[in-house]
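Reading through the C-alpha cells given below for one structure.
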Amino acid sequence: MNQVNPALLSSFAPTGILRVGINLGNPLLASVDGDTGNPKGITVDIANHIASKLELPIVFTCYPMAGATVEAVKSGAVDLVFVAIDPVRGADISYTPAYIQIEGAYVVKDSSPLHQNEDVDAPGNEIVVGKGSAYDLYLTREIKQASLLRSANSQAVVDDFMSGVGNVAAGVKQQLESDAQRYEGLRLLPGRFMVINQAIGIPKARVDFEKTNAYLSTEIEALKASGFIREAMQRHQVQGAKVAE
C-alpha cells in the first residue's frame with residue numbers, strides 16, 4: 001500500500017503513525033498486560049501485523065468501552081479501531097469483513113422464571129447491558145416490550161445486576177460465563193440471542209476510505225485463511241468465539 005500509493009497511505013495514517021484504538025470493554029479481544037501495562041490480545045496482534053506490512057510505526061490508545069472507541073475514530077483521534085459491525089455505527093465507519101464471531105447471551109438468577117431467550121422480551125423485564133456495546137445497539141433495535149438499563153461498560157453489567165439492577169443481564173457469552181463463576185446463583189439461558197461480528201473499522205470521513213477498506217479487507221481475509229487469527233485465539237486462550245466465515 002505504501003509502495004503503490006503514497007497518497008492513499010497518507011490519507012489512512014495522516015500523521016505518519018498508525019494510531020490504533022483498542023477497546024478494553026471486550027476481554028476476549030484485548031486486555032492490559034499486568035507486567036508491562038501495554039495492551040495485548042488478538043486486536044493488538046492484527047494491528048501490529050498491519051503496521052509492519054505498511055512499514056509504519058504504531059501507537060495504541062486504549063478505551064474502556066466500545067462506544068468511546070467508536071467516537072475516537074469518528075473524531076479522527078485514531079486511524080483504525082476494532083469494533084463490532086453495526087448499522088448505526090456504519091453511518092460513519094467503514095468495516096472490513098469480520099475476523100471473529102462472538103455470541104451474545106443472557107444470564108439470570110437461579111430463581112428466575114425465565115428459561116429461554118424468547119422469554120426475555122416481555123413487559124416488566126429489565127435487561128442490564130453495557131452502554132454503547134454491540135449488544136446494546138442490537139437490543140435497542142430488537143427489544144420491543146422489556147426495558148434496557150445501561151451499565152458504564154460491559155465488565156460492570158453483572159456486578160450491577162447482582163447489586164439489584166434489573167432481572168436479566170446481557171453480554172458476551174464468555175464474559176458472562178466468567179462472571180457466573182464469581183457469583184453463586186446465576187445461570188445462562190441456553191443458546192444465544194445474537195452473533196457479534198468483530199471487524200476493523202476506519203472513518204468514512206477520510207479521502208478514498210473505500211480503497212483503504214479494500215486493502216484492509218484483503219489483509220483480514222488473508223489472516224483468516226493463513227491461520228493467523230486461529231493461532232492468535234489459541235495464543236490468547238480465547239474461548240466462546242470462532243474465526244469468522
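The values are calculated or read from the model by the stated rules, or taken from the named source; none is laboratory data. All figures in this text were calculated on a predicted structure; none of them were measured in a lab. Positions of Cβ are generated from backbone atoms using ideal geometry, with glycine treated the same way; all protein chains shown enter the neighbour counts. We work out accessible area using only protein heavy atoms, side chains counted, and drop any ligands, DNA or RNA first. Shrake-Rupley method; radii C 1.70, N 1.55, O 1.52, S 1.80 Å.
So here's what we get for this one:
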read-out: Solvent-accessible heavy-atom area per residue, rounded to whole Å², over the chain at 1.4 Å; value: 45
read-out: Residues whose placed amide H lies under 5 Å from that of residue 168, excluding near-sequence neighbours; value: 126, 128
read-out: Heavy atoms of residue 162: accessible area, 1.4 Å probe, square angstrom to 10; value: 60
read-out: Nearest-ten-degree value, helix 209-226 long axis tilted from longest Cα axis of the chain; value: 70
read-out: Amide H within-cut-off set for residue 151, under 5 Å, with H built and near neighbours excluded; value: 129, 130, 131
read-out: Cα-based reach from residue 109 at 27 Å (exclusive), listing lysines while leaving out same-chain residues under 8 positions away; value: 131, 144, 173
read-out: Helix-only CD estimate at 222 nm, as mean residue ellipticity for the chain, using -39500 (n - 2.57) per DSSP H run (n ≥ 4); value: -9500 deg cm²/dmol
read-out: Overall Cα dimensions of the range 23-137 - principal axes, largest extent first, Å; value: 56, 37, 22
read-out: Whole-Hz ³J(HN,Hα) from phi, Karplus 6.51 cos²θ - 1.76 cosθ + 1.60, for the range 125-140, glycine and proline x; value: 7, 10, 9, 8, 9, x, 4, x, 6, 4, 6, 4, 4, 5, 5, 4
read-out: Fraction of accessible area attributable to carbon and sulfur, the chain (%, probe 1.4 Å); value: 50
read-out: Solvent-accessible ranking of 69, 15, largest area first, probe 1.4 Å; value: 15, 69
read-out: In sequence order, calculated HN-Hα J values of the range 240-245 (Karplus, 6.51, -1.76, 1.60; Hz; x Gly/Pro); value: x, 8, 9, 4, 5, 7
read-out: In nm, spacing of pseudo-spin labels at residue 237 and residue 53 (7 Å Cα→C-beta vector); value: 3.0
